[in-house]
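Just so you know, all these numbers are worked out from the coordinates, no wet-lab data involved. Remember, predicted model here, so these are calculated numbers, not experimental data. Every residue, glycine among them, receives a Cβ derived from its backbone with ideal geometry; neighbour counts consider all protein chains shown.
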Amino acid sequence: MANGQSFLDKFSEVSARIGNQVHLRSLRDGFATIMPIFILAGIAALLNNVVFTFLWSTNPDSMGIFPNADILATAQYWGAALSQGALSISAILLCGMVGYSLATNKRFDNPISCVVVSLAVFFIMMPQTVTANLAATSELLTDEVTTAAVASAFTTNYTGTNGMFTAIIIGLLAPTLFIKVSGIEQLRIKMPEGVPPAVEKSFNVLIPMLLTLGAFGILAMILFAGFQTDVTALINTFIQTPLRALTTNPVGLVVIYSLGVFLFTLGIHQSTINGVLVEPVLTIVLVEAMDLYTTGGIDAVIARPDLYLNMNVINVYALMGGSGCTLALLIATFIWGKWKPSREVAKLGILPAIFNINEPVIYGYPIVFNIPLMVPFVLNTIIGILVGYFATVIGLVNPTCIQVPWTTPIIASGFLSTGGDWRAAVLQVVLLALFVIIYLPFMKASEVAQRKQFEMA
């Protein structure tokens, strides 16, 4: 037992160090900063494709509530504008916020300059010529589409969801180099007394910024002249594709995510691992699904099975009441629990659990180092991920494709995240009932153990 406890302590220490690594922590902070715009874009997509189409029909002869295609197009322009301001430039926003988060986490005295460096390098590494599809202008060739090289243009393939992996890497790498070079005292330009602080800071980082941007410019030139490629193409081939294959594979995701959930039973918050290794990748997949839903509706998302396993599958089906689906534990405690301290904690924790906040249960029930409850805590998470994913694969429910706040209660989260599919809400209720049944025998065992501990004390 002593050796086992020593192993757990060392394992927990290593896991905590990984989660607190400055670059991974900055990545998590960057995503958290821009998450509100993804939620707003999700609401806009939901209104465009569900509410507006319900109110105004595209066919004037149909029996819609207000059959008017012109009003529908006008209303949907609002949602499309929000998507353009969020999803189409999501990589740009993420790159800047990751750079800023890294600077603040490293306690750099001029974090705004890191935003400038990150964004400048992001555009430096883009190709200077992009390929565009051009529809034929001839009336005889209306179906013909040709391609042409366009200079002095940016494409949403780089600035939108497809460029988010590039944004992450540049947002971490460019400020790191810039901060390192800025620490060289000889490269600082000394300004006389009385110069405004903002001007002094800009001159302090002038040479480091020039050197950093120049170095990345040389890299972009080498990739173009020597290999006829760009950094986004390389990242997509060697980093994004293998990483997505791992985390969007149900087996790989279950192994990684359940490991993070298990750490929660040792007192280490699951976001320490999952928040930096899994959630950023799955959030990118969710944003891609939301972008596709915005332009093509739910049928377009259904046609893309590679987008089925995204962050909302976990939030909607595997985290009901928080990590470990502890809302089910509280329900089991209210119905069958006999141990008064547990029932008192359940009373205090039920309201936060409705909004998927369960720290009071984790540390108060407790879940931490409670051997009987460790099993269902991890097992329910695995079941939720697998059932939610395979129910989507077989067409039992629509894919999750709308970013909703993780605090959205069950039923509402299932309905909204799938574009208004009531079957997802029903599946949540069924899963919750299953989780209650799974928790029940382990909850009874936990009460017996706690009672014996109390008597021994």
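If each DSSP helix of 4+ residues adds -39,500 (n - 2.57) and the sum is divided by the residues in the chain, what number results at 222 nm, nearest 500 deg cm²/dmol?
The helix contribution divided over the chain gives -21000 deg cm²/dmol.
Backbone N atoms of segment 157-175 closer than 12 Å to the 7 Å Cα→Cβ label point of residue 241 are not found in any residue.
Placing R0 at 56 angstrom, the Cβ-Cβ distance between residue 371 and residue 33 gives a FRET efficiency of 0.90 after rounding to 0.05.
Modelled spin-label separation between residue 130 and residue 148, with each label point placed 7 Å from Cα along the Cα-to-Cβ direction: 1.6 nm. Taking label points 7 Å from Cα along the Cα-to-Cβ direction, residue 344 and residue 430 give a separation of 4.0 nm. Shown in residue order for segment 182-191 are the 3J(HN,Hα) couplings computed by the Karplus curve 6.51 cos²θ - 1.76 cosθ + 1.60 at θ = phi - 60°: 5, x, 7, 4, 5, 8, 7, 8, 7, 10 Hz (x for Gly and Pro). Compared with the direct C-alpha span, the chain from residue 251 to residue 195 gains 14.2 nm at full extension, assuming 0.36 nm per residue.
Using the Cβ-Cβ distance between residue 107 and residue 218 with R0 set to 45 Å, the FRET efficiency from 1/(1 + (r/R0)^6) comes to roughly 0.95.
With both labels modelled 7 Å from their Cα along Cα-to-Cβ, the residue 444 to residue 54 distance reads 4.3 nm. Counting only residues at least eight positions apart within a chain, or on another chain, the lysines with an alpha carbon under 24 Å from that of residue 190 are 106, 180, 201.
Nearest 20 debye, what's the magnitude of the dipole of the chain about its Cα centre given +1 on Lys and Arg Cβ and -1 on Asp and Glu Cβ?
Values: 20 positive and 23 negative charges, 344 e Å.
Here the size comes out at about 1660 debye.
Highest mean first, the peptides 236-242, 351-357 sorted by other C-beta atoms within 10 Å per residue fall in the order 351-357, 236-242. Straight Cα distances below 22 angstrom link residue 338 to the lysines 347, 444, 452, with same-chain residues fewer than 8 positions distant left out. Across the chain, the relative contact order, built from alpha-carbon pairs under 8 Å that are at least six residues apart, equals 15 percent. Averaged over residues, the count of other Cβ atoms within 10 Å places the peptides 403-412, 340-349, 253-262, 214-223 in the sequence 253-262, 403-412, 340-349, 214-223, highest first.
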